[in-house]
1. Quick one: in segment 205-221, of everything that is part of a helix (DSSP H, G or I) and either in contact with an Asp or Glu (Cβ under 9 Å, 6 or more places away or on another chain) or hydrophobic (A, V, I, L, M, F, W, C) (or both), which residue is surrounded by the most Cβ atoms within 10 Å (Cβ to Cβ)?
2. Among residues belonging to segment 341-374 that are surrounded by 14 or more Cβ atoms within 10 Å (Cβ to Cβ), of a type outside the set (A, V, I, L, M, F, W, C) and within 18 Å of Ala220 (Cα to Cα), point out the one that is farthest from the chain's Cα centre (by Cα).
3. Of Ser193, Ser143, Ser189, which residue is under 23 Å from Arg312 (Cβ atoms), open to solvent by less than 80 Å² (accessible area, probe 1.4 Å), under 23 Å from the mean Cα position of the chain (by Cα) and among the hydroxyl-bearing types (Ser, Thr, Tyr)?
4. List the pairs whose first member sits in segment 14-41 and is under 17 Å from Ala64 (Cα atoms), whose second member is open to solvent by 80 Å² or more (accessible area, probe 1.4 Å), and whose Cβ atoms are under 8 Å apart, counting only residues at least 6 apart or on separate chains?
5. Any residue at all in segment 114-124 that is over 14 Å from Leu77 (Cα atoms), in contact with a Leu (Cβ under 9 Å, 6 or more places away or on another chain) and either open to solvent by less than 80 Å² (accessible area, probe 1.4 Å) or not in a helix (DSSP H, G or I) (or both)?
6. Please specify each residue of segment 296-328 satisfying the condition of being without any contact (Cβ under 8 Å) to a residue 40 or more places away in the chain and either in contact with a Lys or Arg (Cβ under 7 Å, 6 or more places away or on another chain) or among the acidic types (Asp, Glu) (or both).
7. Right, Thr230: part of a helix (DSSP H, G or I) and exposed (fewer than 13 other Cβ atoms within 10 Å of the Cβ) or not?
8. Condition first: of a type in the set (A, V, I, L, M) and in a helix (DSSP H, G or I). Can you find one or more residues in segment 345-355 that meet it?
Amino acid sequence: MSRDEGDVPHDPSVAAYEAAGLYDPAAPNAAERLELLEWLSARGVSIEQMLRSRRPGGALTGLAGDLMVNPGAHLRLAELAARAGLTVDQVEAIRRTAGLAPVDPEEPRFADRDVESLAAFSLGTRLFGEPAARHFGRVMGTSLARIAEAVVSMFLLNVEEPIREAHGSELELAQANLRATETVEMVPSVLQSVFRSHLEESIRRFRLAREGSSETVRFAIGFVDLVGFTAVSRHMTPRELTDTIERFESTAHDTATAKGGRVVKLIGDEAMFVAIDAGAACDIALTLVEHFAGDPAVTPRGGLTYGALVNRGGDYYGPVVNLAARLAELAVPNELLVTPELAAKVRDPRLHFEPAGKRLPKGFDEPVSLLTLERP
């Protein structure tokens, strides 16, 4: 493992650990702590690095893994800016765009790969213009932040928590942390492969959905949520809440993908999805309602529309989207409300529509004619 610039390699003694305040021979966990410190030293971690890990947000048991997350960091903020041919203010602005917090300008937090990333952003700015590049940077930063938090959460729930519940040692936790970090090293190559596949699919989807405009696409869009989830969740343990949300999200994701749609976003107990084919969108919504129809705790409902949507940063906006969301709010449990425009696009004889009269969605000036969607 590489050391931070300026760290002097040495083999610390027990006295050195004690003098640095890292080890107390009288503490109940003295033997366990010494075992951890010696393991870290054997991996080339210096006392200076151990001390830095005690700052807010750090942890000795996570130090070996933490040092693998950002290897080769040797550039300070001003040095990074100079290497990239930018000002410090420009670099900080780009980092904010990506959702990255400010850093101590005197800490060597950056590596050569960060110079390459800034160069790529500058190229994108020249090609697409600064507003578009910054918007994409925000979308990318938000998506990657969620991926990063998902990785950390997965470790905490599935690795760290079981070790703590079994009263594992600090060394066991540190070793598990390191193994998890080594596994995460494979994520960039996986991301590249999955991104290329998604890019191919997005190109195909937009070519089919565009109708002479670069600003809008014609999709069926649906919202499905779980009635009663908010009340039920107040009485759930964190594990039960997580299991319920993951079951809903995985079902929505797998169903939409299998039927040619795409989940745009998941907001707790609500899924928003789009599909080129109106019949496929109906099938997605019906499958979700059928899946949760027998659940004693929650009841599904939803709304679907079809029309021109404004696409921006991988999300969708406009009156058609707003109407679909409002229809989901109007629907009673186990009901799917759709517009006549969507029903007119469906060619699947297995899907059945019944008049549901006119209803006034929230925020609309006039009642809207609606249908209910069923599967005979």
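The values are calculated or read from the model by the stated rules, or taken from the named source; none is laboratory data. Here the structure is a predicted model, which means the values were calculated and not measured. So basically every Cβ, Gly included, is an ideal-geometry build from the backbone, and we count neighbours across all protein chains shown. For the accessible areas, the whole protein counts, side chains as well, though only heavy atoms, and no ligand, DNA or RNA atoms are used. Shrake-Rupley method; radii C 1.70, N 1.55, O 1.52, S 1.80 Å.
1. Of the residues in segment 205-221, the ones part of a helix (DSSP H, G or I) are 205-209.
If we keep only those that are either in contact with an Asp or Glu (Cβ under 9 Å, 6 or more places away or on another chain) or hydrophobic (A, V, I, L, M, F, W, C) (or both) too, we end up with 206, 208-209.
Numbers: Phe206: 14, Leu208: 13, Ala209: 17.
The qualifying residue surrounded by the most Cβ atoms within 10 Å (Cβ to Cβ) is Ala209.
2. Going through segment 341-374, the residues surrounded by 14 or more Cβ atoms within 10 Å (Cβ to Cβ) turn out to be 341-343, 345-346, 351-353, 356, 359, 361, 368, 370-374.
Within this subset, residues satisfying the condition of being of a type outside the set (A, V, I, L, M, F, W, C) are 341, 345, 352, 359, 361, 372, 374.
The next check asks that each one be within 18 Å of Ala220 (Cα to Cα); those that pass are 341, 345, 352, 372, 374.
Values: Glu341: 33, Lys345: 33, His352: 36, Thr372: 33, Glu374: 33 Å.
Step by step, filter segment 341-374, then rank; the result is His352.
3. Values: Ser193 fails: under 23 Å from Arg312 (Cβ atoms); Ser189 fails: under 23 Å from Arg312 (Cβ atoms).
Just a single option satisfies the conditions, and that option is Ser143.
4. Arg33/Asp24; Ser41/Asp11
5. There is at least one residue in segment 114-124 that is over 14 Å from Leu77 (Cα atoms), in contact with a Leu (Cβ under 9 Å, 6 or more places away or on another chain) and either open to solvent by less than 80 Å² (accessible area, probe 1.4 Å) or not in a helix (DSSP H, G or I) (or both).
6. Result: Arg326, single match.
7. Numbers: part of a helix (DSSP H, G or I): yes; exposed (fewer than 13 other Cβ atoms within 10 Å of the Cβ): yes.
For Thr230, the condition - part of a helix (DSSP H, G or I) and exposed (fewer than 13 other Cβ atoms within 10 Å of the Cβ) - is met.
8. Going through segment 345-355, the residues of a type in the set (A, V, I, L, M) turn out to be 346, 351.
When the remaining residues are screened for being in a helix (DSSP H, G or I), the result is none.
No, every residue in segment 345-355 fails to be of a type in the set (A, V, I, L, M) and in a helix (DSSP H, G or I).
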